[in-house]
Amino acid sequence: MSLQTAITGENSRPDQRPVYLYRVGDDTGTILYLTSYPTDISVSSVPAAWSDASDPQVFTAAPCIHGSVEVKNGLDELTTEFQILISTGVAYSRYCLSGVIPRIEVTIAKVQIGAALAGAAVWNVDTGIRQRGLVSKLSVVESTLTLEITPEPLLGNQDVPRWRFGRTCNRQLYADDCGVDRTNYQHQNAILAFDIATRQLTVSGDGGFASGYFRQGVLTHGPTGMRLPVFNSAVEAGNTIITLHQWLPDIEVSDNVILNAGCRHTYEECRDKFSNEDNFGGFPSIPTKNPTIHGAE
């Protein structure tokens with residue numbers, strides 16, 4: 001069913017179609033409780049992870065729809081699309097415009113058929129979680145906001161490697177299987193100045209880290225909690241100059257930020273920068289030439 005079908009209610013028996021509940025939230029406390037049902041639904045006995053404010057929790061009727069979900073071996077292996085109108089998800093459409101990397105989590109639950117939800121409903125054994133994951137991509141097409149939901153195991157501890165038998169490491173920096181403690185490789189201080197035109201900002205002090213140390217790392221903006229990818233870093237006059245890929249409109253002088261080092265996933269970087277070669281997840285000795293094609297040397 002298309003998003004337009006959901007918006008216009010073209011389904012001839014909406015009381016018989018499955019009803020889905022959506023919780024969309026981020027680290028800043030912005031939370032949307034939505035439902036694909038034609039009217040608002042008041043749901044009692046909602047788990048604590050969903051009912052952040054009240055019980056019963058009201059899910060607002062909104063033109064929204066999600067794609068298929070496929071589960072194999074207990075793991076959601078497919079990225080799922082979740083679509084809403086920009087007017088509904090205005091709090092999240094701003095991320096598309098500013099290019100930030102918030103930690104947005106989406107949970108999708110399937111509840112009883114619509115006919116049973118005319119009044120207050122109770123979260124019970126008939127309610128099932130269909131998908132839970134983090135937004136890995138946002139996009140806007142005309143008036144529709146699309147969020148791609150990826151199960152957190154695929155983004156977090158890398159239960160499914162990004163590369164198989166590659167020369168570079170397949171682990172995610174600071175994840176459990178990586179073993180690097182992020183607090184040992186970060187610099188936290190206030191913003192002294194910034195230049196929107198060059199996407200640069202000056203952070204007080206250098207934390208003892210040299211130029212280029214935070215390249216490909218992450219800057220976390222204290223007031224909003226937003227995470228921004230670092231293009232490059234330099235040390236000038238004892239302060240740290242950060243160049244960002246994208247700009248966050250909320251940045252102001254005196255805001256506190258946290259800089260975390262990045263990793264190029266090479267063996268040399270793992271050894272020399274993090275002293276973590278014992279946990280290196282790649283195979284740096286793999287030949288660059290295939291002997292079956294190029295012949296043995």
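The values are calculated or read from the model by the stated rules, or taken from the named source; none is laboratory data. Remember, predicted model here, so these are calculated numbers, not experimental data. Please note: Cβ atoms are built from the backbone with ideal geometry, for glycine as well, and neighbour counts cover all protein chains shown. Remember, those area values only see protein heavy atoms, side chains included, never the ligands or the DNA or RNA. Shrake-Rupley method; radii C 1.70, N 1.55, O 1.52, S 1.80 Å.
The table below gives the values:
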quantity: Restricting region 225-244 to residues that are open to solvent by less than 30 Å² (accessible area, probe 1.4 Å) and in a loop (DSSP other than H, G, I, E, B), the residue that is modelled with the highest pLDDT; calculated: Gly225
quantity: So Thr266, is it under 19 Å from Asn189 (Cα atoms) and open to solvent by less than 50 Å² (accessible area, probe 1.4 Å); calculated: no
quantity: Search result, residues across region 245-263 that are crowded, with 16+ Cβ neighbours inside 10 Å and not in a strand (DSSP E or B); calculated: Trp247, Leu248, Ile251, Asp255, Ala261, Gly262, Cys263
quantity: So Asp278, is it exposed (fewer than 14 other Cβ atoms within 10 Å of the Cβ), at negative phi and either among the acidic types (Asp, Glu) or touching a strand residue (DSSP E or B) at 6+ places or on another chain (Cβ under 6 Å) (or both); calculated: yes
quantity: Residue, modelled with the lowest pLDDT, within region 57-72, restricted to residues that are open to solvent by less than 40 Å² (accessible area, probe 1.4 Å) and within 14 Å of Leu34 (Cα to Cα); calculated: Gln57
quantity: Filter pass, Arg94 being among the basic types (Lys, Arg), at pLDDT 80 or above and surrounded by fewer than 18 Cβ atoms within 10 Å (Cβ to Cβ); calculated: no
quantity: Some residue of region 213-230 being farther than 24 Å from Ser136 by Cα and in contact with a strand residue (DSSP E or B) (Cβ under 8 Å, 6 or more places away or on another chain); calculated: yes
quantity: Qualifying residue in region 147-164 (condition: of a type in the set (Phe, Trp, Tyr) and at pLDDT below 80); calculated: yes
quantity: Where Arg215 falls short, out of the listed (1) of a type outside the set (A, V, I, L, M); (2) open to solvent by 70 Å² or more (accessible area, probe 1.4 Å); (3) assigned to a loop (DSSP other than H, G, I, E, B); (4) out of contact with any Ser or Thr (no Cβ under 8 Å at 6 or more places or on another chain); calculated: (4)
quantity: Meets criteria (open to solvent by 60 Å² or more (accessible area, probe 1.4 Å) and on the phi < 0 side of the Ramachandran plot) for Ser285; calculated: yes
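Each row is one residue, and each column tells you yes or no for (1) modelled with pLDDT of 75 or more; (2) crowded, with 18+ Cβ neighbours inside 10 Å.
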site: Glu10; (1), (2): no, no
site: Gln16; (1), (2): no, no
site: Thr30; (1), (2): yes, no
site: Val46; (1), (2): yes, yes
site: Asp55; (1), (2): yes, no
site: Gly74; (1), (2): no, no
site: Gln83; (1), (2): yes, yes
site: Ile86; (1), (2): yes, no
